[in-house]
1. Within the range 346-355, can one find any residue that is within 28 Å of A319 (Cβ to Cβ) and of a type in the set (S, T, N, Q)?
2. So is S4 surrounded by fewer than 19 Cβ atoms within 10 Å (Cβ to Cβ), modelled with pLDDT of 95 or more and either part of a strand (DSSP E or B) or in contact with a strand residue (DSSP E or B) (Cβ under 9 Å, 6 or more places away or on another chain) (or both) or not?
3. Can you name the condition, by its number, that R219 falls short on among (1) on the phi < 0 side of the Ramachandran plot; (2) in contact with a Gly (Cβ under 9 Å, 6 or more places away or on another chain)?
4. For the range 293-313, indicate whether the set of residues that are under 17 Å from the mean Cα position of the chain (by Cα) and polar (S, T, N, Q) is non-empty.
5. Could you tell me how many of the residues in the range 151-170 are touching a residue at least 24 places away in the same chain (Cβ under 8 Å) and either outside any loop (DSSP other than H, G, I, E, B) or among the β-branched types (V, I, T) (or both)?
6. Please note which strands (runs of 3 or more DSSP E) are completely contained in the range 260-309 and include at least 2 residues that are acidic (D, E) and either touching a Gly at 6+ places or on another chain (Cβ under 6 Å) or at negative phi (or both).
7. Kindly check whether there is at least one residue in the range 151-169 that is surrounded by 23 or more Cβ atoms within 10 Å (Cβ to Cβ), within 16 Å of the ligand (Cβ to nearest atom) and at positive phi.
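The values are calculated or read from the model by the stated rules, or taken from the named source; none is laboratory data. All values derive from a computational prediction rather than experimental measurement. Here the Cβ positions follow ideal geometry from the backbone for every residue, glycine too, while neighbour counts run over all protein chains shown.
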Amino acid sequence: MKFSGHTLFNNTPVEITIADNRVQSIREVTAADTNILIAPAPIDIQVNGFAGFDLNVATVTPEDVRAMVRALWRVGTGFLCPTVVTGSFGGICNAFRAIVEACKTDALVAHAVLGIHLEGPYISAEDGPRGAHPLEHVRDPDWDEFQQWQDITEGKIAIVTLAPEKKGAIPFIEKLVANGIVVALGHTNASADDIQAAIDAGAKLSTHLGNGAHARIQRHPNYIWEQLGADELWASLIVDGHHLPPSVAKSMIRAKTLDRCILVSDAVALAGMEPGTYQFAGKSVELTEERCVRLVGTEYLAGSAIELARGIENSVRFAGISLKEAVSLATRQPMHLLDAKAQVESETNLILFEWNAGKYKINLIATIVGSELVYHTETPQ
Ligand SMILES: [Zn+2]
């Protein structure tokens, strides 16, 4: 089987030869007479679930993790940080064990997991900033507890999202940073001083900036502007059209600049499912026709139901950036944030797709992860 197309970043015509489901060669050719574009496989640093699989339920198994990762490949997400949210000590242990076991028993899944994202439980207890995280499990940072988790994951926790105003958060951030972990601010009600102290301690990222926030806040100053204006902080953004209105997504991308923006799906298990009302994370949530997930009877969003590729499309549409720039927000930028160049480039990891510029639509043709063809449509060239 052969695919030919142009590399997105360099516009080089190439031919990819696949045999036994593996990449045999990638060579430059004089011309490629297809519209296929070839880009690095996207990296999603915030995935809570997908296609009915949920990392944050007590029953999660290694098989669920493997199935979730493979489902993501079918929509063009090559790499991920499985994201475990606020829960009991034991519940979080359980999720970590499932992820670690999935990696041990499936080399390709291990290749795709660039690290685990722990979002919570050291976050704001306030309604709004807490989002859909369960109040009873929100707590102050605890280094001993964290170390037990990091032991279970065998050092795989790569990102911790926390609220810097929590008691003991600043020395906790310093220890995380000293251990090579990316510290992200999120689900926070921080003051400007808290945010500056976190930056001074080495915090690097704002998690889904503009979300995990009060529905109504003082126009300025507030914790969104403070983070938006801090050049030291990168920002992850959920560009699904619901979490951030188009004008906000555009403004944030411009304020942060392309170098410091990262697209995330923040997908929950409902991503890939039919609209309706579901029980999710112990709460009733509604998945609308527009792929919006809300706590029933509130205006609070409870995770997203998009694929990362939709975030790329929407970024082009909302922010007026090029396709190349939008893909970079889901490939190069997260790779640099995680310092994962060695793992990402150790094998061939690509997506092949056609771009419908009029409709802002990525039509995925194939996904290659770990030099293996893990997904393709029925009509390769
Ligand atoms: Zn969140």
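1. Checked against the condition, which is being within 28 Å of A319 (Cβ to Cβ) and of a type in the set (S, T, N, Q), the range 346-355 yields at least one hit.
2. It is false that S4 is surrounded by fewer than 19 Cβ atoms within 10 Å (Cβ to Cβ), modelled with pLDDT of 95 or more and either part of a strand (DSSP E or B) or in contact with a strand residue (DSSP E or B) (Cβ under 9 Å, 6 or more places away or on another chain) (or both).
3. The failed condition is (2).
4. yes
5. Counting residues in the range 151-170 that are touching a residue at least 24 places away in the same chain (Cβ under 8 Å) and either outside any loop (DSSP other than H, G, I, E, B) or among the β-branched types (V, I, T) (or both) gives 10.
6. Hits in the range 260-309: none.
7. No - not one qualifying residue is present in the range 151-169.
Residues checked against (1) out of contact with any His (no Cβ under 6 Å at 6 or more places or on another chain); (2) touching a residue at least 12 places away in the same chain (Cβ under 8 Å); (3) in a helix (DSSP H, G or I); (4) surrounded by fewer than 22 Cβ atoms within 10 Å (Cβ to Cβ):
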position: N35; (1), (2), (3), (4): yes, yes, no, yes
position: V65; (1), (2), (3), (4): yes, yes, yes, no
position: T83; (1), (2), (3), (4): no, yes, no, no
position: G90; (1), (2), (3), (4): yes, no, yes, yes
position: R97; (1), (2), (3), (4): yes, yes, yes, yes
position: V100; (1), (2), (3), (4): yes, yes, yes, yes
position: C103; (1), (2), (3), (4): yes, yes, yes, no
